[in-house]
Amino acid sequence: MITCRAPGKLFIAGEYAVVEPGRHAVLTAVDRYATATVDEVGDEVITLRSDLDGGVTLSCGRGGGRLVPSTADGVVPPNFTYVFAAAAIVERLLAEREIAARSYRLSISTDLADGDGRKLGLGSSAAVTVATVAALGRFHRLGLSPMDRYRLAMLATVSINPRASGGDVAASTWGGWIAYSSPDRQRVAELARQSGVDAALRAPWPGLSVRPLPTPTGLAMQVGWTAKPASTPRMVAGLGGADADFVSRSDHCVQRLTAALEADDSLGIRTEINCARELLVTLDTKARLGIMTPSLRALCEAGEAVGAAAKPSGAGGGDCGIALIERTRRAAITELTGRWIAAGIRPLSLRTHPFEGDRR
């Protein structure tokens, strides 16, 4: 039995802008996980099991070096989309490397949702994809580096959502706080189609950069969940074309934030968090995306009332928000969580999942 887990994530800054190739974001991995477990089986059937929807299974076969769902219409059920995409991309790599494929049973579980099954907005799809790639890579003895795992998970992701920035995939792969810039997904997907998955692992990915950042020592990050799940692909699709002014201002904000994090400059970090929030508010006003829901506005206003820097985390429209405040201000932190609870916002107890491995 092989078990691998991948952490969830929070966007710190750079949402929407990082969708553009080469643009930047800061993210952190958190201690909620997707876990993938692989067992070898003796028959020819591959079984994917997901505990995300109460425990359901999908049987698959193989054909022409591809994974084939054994459904009546040949369509992958929605609750298996990312698991199947991750397994399928590994299957293609096995065929290209002429590695004898073994049959297996893959099981997925997460603690990235609440007790009612509602997603918390911590990047469950990315964590599931990364955990699946990691577990199958170990099962098939592929010797995947962190960068290999990221690239395979990213190819699986863009096969479903071509506009996905991959910031969540990177955070789930490496952990810790990271500075990330997105690759040109159209080019890398085309490379994989034309030259193969193995070639895509070895070729340059224009725009891609992943760099670890230090965790702030003087600030505590508080996380609030609005209890309203949101769809990042839908929110990003609503933006349509890039807003050039927003993208440029966001990129500069993220670069200043990165410098403040590297200097452990608490005031500088809070200043740029507030800047990132105002940029999202301006974008929301202009594009009418619905980023700032009443709950997210209340979350940010509560942060402002106690002197914290607060903003939505991710695409908005629900999900989570964050507030950064000096660790020594315990009374203010208590007041903040009390204000959130009064506004119907659930504080989440989360810690940073540490950076793991190298960037190769």
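Give me a count of the residues in segment 281-312 that are surrounded by fewer than 24 Cβ atoms within 10 Å (Cβ to Cβ), touching a Leu at 6+ places or on another chain (Cβ under 9 Å) and part of a helix (DSSP H, G or I).
The number of residues fulfilling the criteria is 2.
Taking T285 as meeting all but one of (1) farther than 29 Å from V158 by Cβ; (2) touching a His at 6+ places or on another chain (Cβ under 7 Å), write down the number of the exception.
Tallying (1) farther than 29 Å from V158 by Cβ; (2) touching a His at 6+ places or on another chain (Cβ under 7 Å), T285 fails exactly one: (2).
Go through segment 42-72 and report how many residues are more than 19 Å from V90 (Cα to Cα) and either in contact with a Pro (Cβ under 6 Å, 6 or more places away or on another chain) or basic (K, R) (or both).
Looking only at that region, the number is 0.
Among the helices (runs of 4 or more DSSP H) lying completely within segment 171-273, list those that include at least 3 residues that are crowded, with 17+ Cβ neighbours inside 10 Å and of a type outside the set (V, I, T).
So the answer is 185-195, 244-262.
Among the residues of segment 333-347 satisfying the criterion of being among the aliphatic types (A, V, I, L, M) and surrounded by 18 or more Cβ atoms within 10 Å (Cβ to Cβ), which is nearest to A220 (Cα to Cα)?
Looking at the filtered set, the residue picked out is I333.
Suppose we filter segment 82-129 for residues that are at positive phi and within 16 Å of the chain's Cα centre (by Cα); how many remain?
Looking only at that region, the number is 2.
If you scan segment 1-19, which residues turn out to be within 21 Å of the chain's Cα centre (by Cα) and surrounded by fewer than 21 Cβ atoms within 10 Å (Cβ to Cβ)?
Residues satisfying the conditions are T3, R5.
Among the strands (runs of 3 or more DSSP E) confined wholly to segment 20-91, which include 1 or more residues that are among the small types (G, A, S) and outside the structural domain of Q255 (by TED's automatic domain parsing)?
24-40, 46-50, 56-63
For L48, indicate whether it is more than 30 Å from I178 (Cα to Cα) and either in contact with a Leu (Cβ under 6 Å, 6 or more places away or on another chain) or surrounded by 14 or more Cβ atoms within 10 Å (Cβ to Cβ) (or both).
yes
Being free of Cβ contacts under 8 Å to residues at least 12 places away in the same chain and basic (K, R) is the filter here; which residues of segment 168-208 pass it?
R193, R202 - these are the residues of segment 168-208 that are free of Cβ contacts under 8 Å to residues at least 12 places away in the same chain and basic (K, R).
Of the residues S103, S109, S59, S70, only one is crowded, with 18+ Cβ neighbours inside 10 Å and either touching a Gly at 6+ places or on another chain (Cβ under 8 Å) or of a type in the set (S, T, N, Q) (or both); which?
Exactly one of S103, S109, S59, S70 is crowded, with 18+ Cβ neighbours inside 10 Å and either touching a Gly at 6+ places or on another chain (Cβ under 8 Å) or of a type in the set (S, T, N, Q) (or both), namely S109.
If we keep just the residues of segment 119-170 that are part of a loop (DSSP other than H, G, I, E, B) and of a type in the set (K, R), which is nearest to I89 (Cα to Cα)?
Out of the qualifying residues, it is R141.
Being among the charged types (D, E, K, R) and more than 25 Å from the chain's Cα centre (by Cα) narrows it down to one residue among R339, R270, R351, R277; which is it?
R339
Which of (1) hydrophobic (A, V, I, L, M, F, W, C); (2) in contact with a helix residue (DSSP H, G or I) (Cβ under 6 Å, 6 or more places away or on another chain); (3) closer than 23 Å to M1 by Cβ is the odd one out, the single condition V158 does not satisfy?
Of (1) hydrophobic (A, V, I, L, M, F, W, C); (2) in contact with a helix residue (DSSP H, G or I) (Cβ under 6 Å, 6 or more places away or on another chain); (3) closer than 23 Å to M1 by Cβ, only one is false for V158: (3).
Would a scan of segment 300-322 turn up a residue that is free of Cβ contacts under 8 Å to residues at least 12 places away in the same chain and not assigned by TED's automatic domain parsing to the domain that holds G176?
The answer is yes, given that some residue of segment 300-322 is free of Cβ contacts under 8 Å to residues at least 12 places away in the same chain and not assigned by TED's automatic domain parsing to the domain that holds G176.
For R23, state whether it is within 30 Å of A276 (Cβ to Cβ), charged (D, E, K, R) and touching a Phe, Trp or Tyr at 6+ places or on another chain (Cβ under 6 Å).
Here the answer is no, as R23 does not meet what is asked.
Would you check if there is a residue in segment 232-239 being under 20 Å from the mean Cα position of the chain (by Cα), in the same structural domain as R118 (by TED's automatic domain parsing) and among the polar types (S, T, N, Q)?
Looking through segment 232-239, none of the residues is under 20 Å from the mean Cα position of the chain (by Cα), in the same structural domain as R118 (by TED's automatic domain parsing) and among the polar types (S, T, N, Q).
Considering segment 90-102 alone, what residues qualify as being at pLDDT below 95 and touching an Asp or Glu at 6+ places or on another chain (Cβ under 8 Å)?
A101, R102
Which is under 14 Å from the mean Cα position of the chain (by Cα) and either in contact (Cβ under 8 Å) with a residue 12 or more places away in the chain or more than 14 Å from L106 (Cβ to Cβ) (or both), of L52, L27, L67, L48?
Selected residue: L27, the only one of L52, L27, L67, L48 that is under 14 Å from the mean Cα position of the chain (by Cα) and either in contact (Cβ under 8 Å) with a residue 12 or more places away in the chain or more than 14 Å from L106 (Cβ to Cβ) (or both).
The values are calculated or read from the model by the stated rules, or taken from the named source; none is laboratory data. Remember, predicted model here, so these are calculated numbers, not experimental data. Cβ atoms come from the backbone with ideal geometry, glycine included; neighbour counts cover every protein chain shown.
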